[in-house]
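Trainee: Quick one: the structure is below, questions incoming.
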Amino acid sequence: MGARDQHDRSAVFQMDAVDLSSDIVEPISTYRGENPNSVRLAYVADVPVNWCPELGTVLANEEVVDGKSEIGGFPVVRRPMRQWMLRITAYAERLIKELDDLDWPEGIKLLQRNWIGRSEGAEVEFMLDKEQKIHVFTTRPDTLYGATYMVLAPEHPLIERFVTEEQWPAVREYRERAARKSDLERTELAKEKTGVFTGAYAANPVNNEKIPIWIADYVLLGYGTGAIMGVPAHDERDLEFARKFKLSILPVVQAEGKTSEESIGFIGDGVAINSPVINGLPTQPAKKKIIAWLEEHNHGKSAISYKLRDWLFSRQRYWGEPLPIVWENHKYRALDERELPIVPPPLDDYKPTGTGEPPLAKAKEWVRYSGNALRETNTMPQWAGSCWYYLRFCDPQNDERFVGEEAERYWMGGPKPGGVDLYVGGTEHAVLHLLYARFWHKVLFDLGHLSKPEPFQRLVNQGIILGEDNQKMSKSRGNIVNPDDVIDQYGADAFRCYEMFMGPLEQMKPWSMRGVEGVARFLARVWRLFMNENQAGEWVLSAKLKDVDPDKAEQKIMHATIKKVTEDIESFSFNTAISQMMIFVNAFTNAETIPVSAMRTFLILLNPFAPHLTSELWEKLNTGFKAVRGDITEQKWPVYDEALLAEDEIEIPVQVNGKFQGVLNISVAATKEEIINAAEKLPKVKQRITDGYIKVLVVQNKVVNFVTK
RNA sequence: GCCGAUGUGGCGAAAUGGCAGACGCAACGGACUUAAAAUCCGUUGGGCUUUUAAAGGCCCGUGCCGGUUCGAGUCCGGCCAUCGGCACCA
């Protein structure tokens, strides 16, 4: 994939040139320029944040679901606060592109792509007067001639500069009302479009026509430039807005087989009309041509916009890593590496204050760093640790670096772009942990600390386990299953095996205590295969265990089990692996003698599923029979012999017209003619082919099918 | 609204296009036991039907409708339902 080119470290923190916000990102410790907040990877911003009064902290966009906190479901309101941000948007392009070479479920890749939300289009300048211009972002520059008005987000900073005096009261009132609305009200509840005319006009760059400028809360400050051109003929939202406020509507894209008038409301690709520069061109070339025209006339350029916002990285809670920052004369600086790690001081009360002031602010002595410097009291969110713990796991004792270079190369190296070979986690992390960790990993990679640009090569999503009532487990529903209780009652092996036996790993499935019991019974049967209770009530090695060779049938089932378990582990089909081991145990349950060699093989197969039970039985065998060197976990994984699985005689289903009529037991060596002859004689078949048949199909070792009509 | 996933017995689920329901749970019957628990053995998709019975026979059945095929739970097209994600993103 030309990894070096795509992940060129010389471009450290250089952003895509067409991005709409700032151009360069630099780590806080190296930047020496004038306005650090505009370029730094970590920066401070006064932004409207998601404030959750109940949790007493702000939350990232990813942590807010339907206007409520992801944790606890408490209401979240917009509130301006001074906060630390991480410039994840600088990585938007790479976070999308570099998903391609990861072995992740397509669904998760899609969730991330949608969350990052890349859109290609153009940035266009509308002249307000001779000096001032308003930038809009559009994915449909080919509809520029159809722009009959403009809308700015109510919070847009330019508004105050041009709003007319007579419109000012209405505009101010609208802005105040918009500010009070929660996100929930602004979207879900506001089905009806609202807006206010500013009294001002701007010139459409393609034809110099004056179009009215409105403000409306259906335009979001945080996306694109916070301003749009209204093209009511070819955008559903704009059309609704224009109809409500009686703004003019001009069709500029003609749909195939429709008149220009009928094309109003058409949002697909068509042919440009009423657009001198691009008339007659289909949508795609029209876009290209109009962008070229805009660039040539200095009215705009091609641009890419992302839905992804920068990551709000501070929290007003005690339990999080403190930010290694001090404030001097209203300026911040990073603490020296030698001062790390920062250990938070003990407090009398660790609960959030509820006012937005972080709990650490209460530790007055700790906060006073020096005569003129105060410590930052915000802490990092829970995600900070999960962004790099897997790196620390490579080298947990290292007290020089977060991970030693050699250890990092050993564990995280390899030919693929991702470091961790296999990562198992739930879908709930799709746009949280899995996005954040990729971002940090790329930053560390760019700084030269890591050998791979991606953290997790292969991702498998395990399904969540529901309560016994088939509902999501939650305290309020009272359907929580506590693993500790289950382990107390049935043991860790049974708990572990049951989770694997429940069904396919990726599927969500309900818990069942009966099911746990069933698996516990299976493990008890395994135990009794090896151990019997004597008169005194002590467990001793079963007298049936003999140091003999397994017979042919026993060998066959043993090798079938090795094959199935081995293959199923590879494909994460743990449930069917356990089924096969149950079949194996059932086959030996009433045996007169039990060959020790087969049992040893079986224990090795079962060991990854039930480690405690199998190690104990392994050692018990060593006391009664010739001891095998090494712990059970050190044994070689068994290998099956295909030859021992081969049958002399096979069963072949016989059909007439595709319907099953009986089964034929016949030697594998039988010829096609022999098979047909024998099949014809099966009573039910004979009955059905009395009038003969027009053809007969024999699929080797699979099926015989007579076709009669 | 858009995107994605999933639909198979009473339940969790199996099934390279070739005997649907392996394995487990639950239920029922039996053995063991003074009794119970535990354990072991057996039956168990639905409907109709033959026979004194033991045992058979026929039909239907993998969300619904259609298609491909000798043959479809599996492949293709359309629909329905449930769950998850996004949701004024210009």
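Since every read-out is calculated from the coordinates, none of them should be taken as a lab result. Quick caveat: nothing in here was measured; it's all calculated off a predicted structure. Positions of Cβ are backbone-derived with ideal geometry, glycine not excepted, and every protein chain shown enters the neighbour counts.
Trainee: How big is the dipole moment of region A:493-642 about its Cα centre under a simple scheme where the beta carbon of each Lys and Arg is +1, that of each Asp and Glu is -1, and everything else is neutral? Debye, nearest 20, please. Numbers along the way, then the final one.
Mentor: Details: 17 positive and 20 negative charges, 46 e Å.
Here the size comes out at about 220 debye.
Trainee: In region A:303-322, whose amide N lies under 15 Å from the spot 7 Å out along Cα-to-Cβ of A:Y389? List them in ranges.
Mentor: Residues passing the 15 Å test: A:320-321.
Trainee: Let me have the relative contact order for region A:118-306, percent, based on Cα pairs under 8 Å that are six or more residues apart. Could you put the intermediate results ahead of the total?
Mentor: Numbers: 385 pairs, mean separation 54.6, N = 189.
So the answer I get is 29 percent.
Trainee: Let me ask something else about it. Assuming 1.002 mPa s and 20 °C, estimate D for region A:648-707 with Stokes-Einstein, Rh taken as the Kirkwood radius over Cα pairs, in µm²/s.
Mentor: Details: Rh = 11.2 Å.
Roughly 191 µm²/s, to the nearest whole number.
Trainee: Further, regarding this structure: Explain nothing, just the number: relative contact order of region A:468-646, from Cα pairs under 8 Å at least 6 residues apart, as a whole percent. Walk me through the numbers before you get to the answer.
Mentor: Working: 183 pairs, mean separation 42.7, N = 179.
Contact order relative to length: 24 percent.
Trainee: Here's something else I'd like to know. Report the Cα centroid-to-centroid distance between region A:48-81 and region A:222-251 in angstrom, as an integer.
Mentor: Each part reduced to its Cα centre gives a spacing of 31 Å.
Trainee: Next up: How about A:K331: which lysines have a C-alpha closer than 20 Å to its C-alpha, ignoring those fewer than 8 places off in the same chain?
Mentor: In chain and number order, the partners are A:K364.
Trainee: Relative contact order for region A:89-164: what is it in percent, counting Cα pairs under 8 Å that are at least 6 residues apart? Could you put the intermediate results ahead of the total?
Mentor: Numbers: 38 pairs, mean separation 13.9, N = 76.
Result for region A:89-164 is 18 percent.
Trainee: Using only the Cα atoms of region A:350-488, build the gyration tensor, take square roots of its eigenvalues as a ≥ b ≥ c, and label the shape rounded, prolate or oblate: rounded if a/c is under 1.5, else prolate if a/b is larger than b/c, else oblate. Before the final figure, lay out the partial values.
Mentor: Values: a/c = 2.22, a/b = 1.05, b/c = 2.11.
Because a/c hits 1.5 or more and a/b fails to exceed b/c, region A:350-488 counts as oblate.
Trainee: Also, quick follow-up: Any idea what angle helix A:106-116 forms with the longest principal axis of chain A, computed on alpha-carbon atoms, 0 to 90 degrees, nearest 10?
Mentor: 20
Trainee: Helix A:168-180 against the longest principal axis of chain A: what's the angle in degrees, Cα atoms only, rounded to the nearest 10?
Mentor: Tilt relative to chain A: about 20 degrees.
Trainee: For chain A, give the magnitude of the charge dipole about the Cα centre (Cβ charges: +1 Lys/Arg, -1 Asp/Glu; no others), in debye to the nearest 20.
Mentor: Details: 85 positive and 101 negative charges, 223 e Å.
Dipole about the Cα centre, nearest 20: 1080 debye.
Trainee: Given the Cα-Cα distance of A:L466 and A:E236 and 0.36 nm per residue of separation, how much length would full extension add, in nm?
Mentor: Working: separation 230, 0.36 × 230 = 82.80 nm, distance 4.00 nm.
Taking 0.36 nm per residue and subtracting the Cα distance, the gain is 78.8 nm.
Trainee: A further question follows. Please report the antiparallel percentage of the DSSP beta bridges confined to region A:140-243, to the nearest 5.
Mentor: 75
Trainee: Roughly speaking, what is the stretch gain from A:E165 to A:T139, that is 0.36 nm per residue apart minus the C-alpha to C-alpha distance, in nm to one decimal?
Mentor: Numbers: separation 26, 0.36 × 26 = 9.36 nm, distance 3.35 nm.
Gain on extension, A:E165 to A:T139, equals 6.0 nm.
Trainee: Strictly over 32 Å apart at the Cα level, which of A:K97/A:K191; A:K563/A:K686; A:K546/A:K636; A:K133/A:K442; A:K97/A:K246; A:K97/A:K244 would you flag in this model? Present the calculation step by step, with values, prior to reporting the outcome.
Mentor: On the way: A:K97/A:K191 35 Å; A:K563/A:K686 39 Å; A:K546/A:K636 22 Å; A:K133/A:K442 36 Å; A:K97/A:K246 43 Å; A:K97/A:K244 41 Å.
Listed pairs above 32 Å: A:K97/A:K191; A:K563/A:K686; A:K133/A:K442; A:K97/A:K246; A:K97/A:K244.
Trainee: Let me ask something additional. What 222 nm value per residue comes from the helices of chain A, counting each DSSP H run with n ≥ 4 as -39,500 (n - 2.57) and dividing by all residues, nearest 500 deg cm²/dmol? Each step should come with its number before you reach the end.
Mentor: Numbers: 22 runs with 210 residues, N = 709.
After summing the helix terms and dividing by residue count, I get -8500 deg cm²/dmol.
Trainee: Under 17 Å between alpha carbons, and skipping anything fewer than 8 positions from A:K362 in its own chain: which lysines qualify?
Mentor: A:K351
Trainee: So if we plug the beta-carbon distance of A:R172 and A:F74 into 1/(1 + (r/R0)^6) with R0 = 35 Å, what FRET efficiency do we get, rounded to 0.05?
Mentor: After rounding to 0.05, the efficiency reads 0.65.
Trainee: Still on this model: For A:K472, list the lysines whose Cα falls under 22 Å from its own Cα; do not include residues on the same chain fewer than 8 positions away.
Mentor: The qualifying lysines are A:K68, A:K509.
Trainee: While we're here: Can you list, bin by bin at 10 Å, the percent of alpha carbon pairs in chain A, starting at 0?
Mentor: Result, from short to long distances: 2, 10, 15, 17, 17, 13, 11, 8, 4, 1, 0 percent.
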